[in-house]
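Visitor: Sharing a structure, written as structure tokens. Questions coming.
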Amino acid sequence: MPRSVPPPTWVIARRRAIGDRIRAARRSVNLTQEQAALRIGMDRATYNRIEQGHSAALIDSLILIADAIGVPLADLVREEDPPGP
């Protein structure tokens, strides 16, 4: 069910930061988005929306992405700045 209220801007910013870390990790192992998506059984468009921060990824998807890229899940979702509105 879609959210009736959009998430706060700080949540969207953190989602984009996670996408940036996914992209950096993927590039560091020389994978294309298509290759990474194929490894986890996801279409490239969905994978791209996660990397861009346009789509909120399920934890299962993040686990699969981390495994496909070969990095700990914690590296993708670590918090560098304190959270907050």
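The values are calculated or read from the model by the stated rules, or taken from the named source; none is laboratory data. Owing to the predicted nature of the structure, the values given are computational and were not obtained by experimental measurement. Backbone-built Cβ (ideal geometry, glycine too); neighbour counts: all protein chains shown. Ligands, DNA and RNA are stripped out before the accessible areas are found, and what is left, the full protein with its side chains, is counted by its heavy atoms. Shrake-Rupley method; radii C 1.70, N 1.55, O 1.52, S 1.80 Å.
Visitor: According to a simple spin-label model (label point 7 Å from Cα along Cα-to-Cβ), what is the distance in nm between L62 and R39?
Guide: 1.8 nm
Visitor: Count the net charge of all other residues whose Cβ sits under 11 Å from the Cβ of Q52, scoring Lys and Arg as +1 and Asp and Glu as -1.
Guide: Net local charge, Q52 excluded: +2.
Visitor: From the list (1) 1.22; (2) 0.97; (3) 0.95, can you say which value of Rg/Rh (Cα atoms, Kirkwood Rh) was derived from the structure given?
Guide: Of the listed options (1) 1.22; (2) 0.97; (3) 0.95, (2) comes from this structure.
Visitor: On to the next question. With loop defined by DSSP as not H, G, I, E or B, and exposure as at most 16 other Cβ atoms within 10 Å, which is the longest segment of the chain clear of exposed trypsin sites (Lys or Arg not before Pro)?
Guide: My reading of the result: 4-77 is the longest stretch.
Visitor: Can you check what the net charge comes to around A74, using other residues whose Cβ is under 14 Å from the Cβ of A74 (Lys, Arg +1; Asp, Glu -1)? Working shown, then result.
Guide: On the way: positive: R21, R78; negative: D67, D75, E79, E80.
Cβ neighbours under 14 Å give a net charge of -2.
Visitor: Follow-up. Compute, for the chain, the length of the dipole vector about the Cα centre, with Cβ point charges of +1 (Lys, Arg) and -1 (Asp, Glu) only. Units Debye, rounded to 20.
Guide: 200 debye
Visitor: Now, a different point. So, taking all protein chains as they sit and a 1.4 Å probe, how much accessible area belongs to T46, in Å² rounded to tens?
Guide: Looks like 40 Å² after rounding.
Visitor: Do the sum for the chain: with -39,500 (n - 2.57) for every DSSP H run of n ≥ 4, divided by all residues, what is the mean residue ellipticity at 222 nm, to the nearest 500 deg cm²/dmol?
Guide: Here the helix-only value at 222 nm equals -18500 deg cm²/dmol.
Visitor: Follow-up question, since we're still on this one. Give me the accessible area per residue for the chain, probe 1.4 Å, as a whole number in Å².
Guide: I get 66 Å² per residue for this part.
Visitor: Express in Å², to the nearest 10, the accessible area of L64 obtained by rolling a 1.4 Å probe over the protein heavy atoms while all chains stay in place.
Guide: Solvent-accessible area, nearest 10 Å²: 90 Å².
Visitor: For the stretch 1-68, give the percent of accessible area contributed by carbon and sulfur heavy atoms, probe 1.4 Å, rounded to a whole number.
Guide: The computed percentage sits at 56.
Visitor: How much net charge surrounds D43 when only other residues with a Cβ under 15 Å from its Cβ are counted (Lys, Arg +1; Asp, Glu -1)? Working shown, then result.
Guide: Working: positive: R39, R44, R49; negative: E34, E51.
Taking every other residue near D43 into account, the sum is +1.
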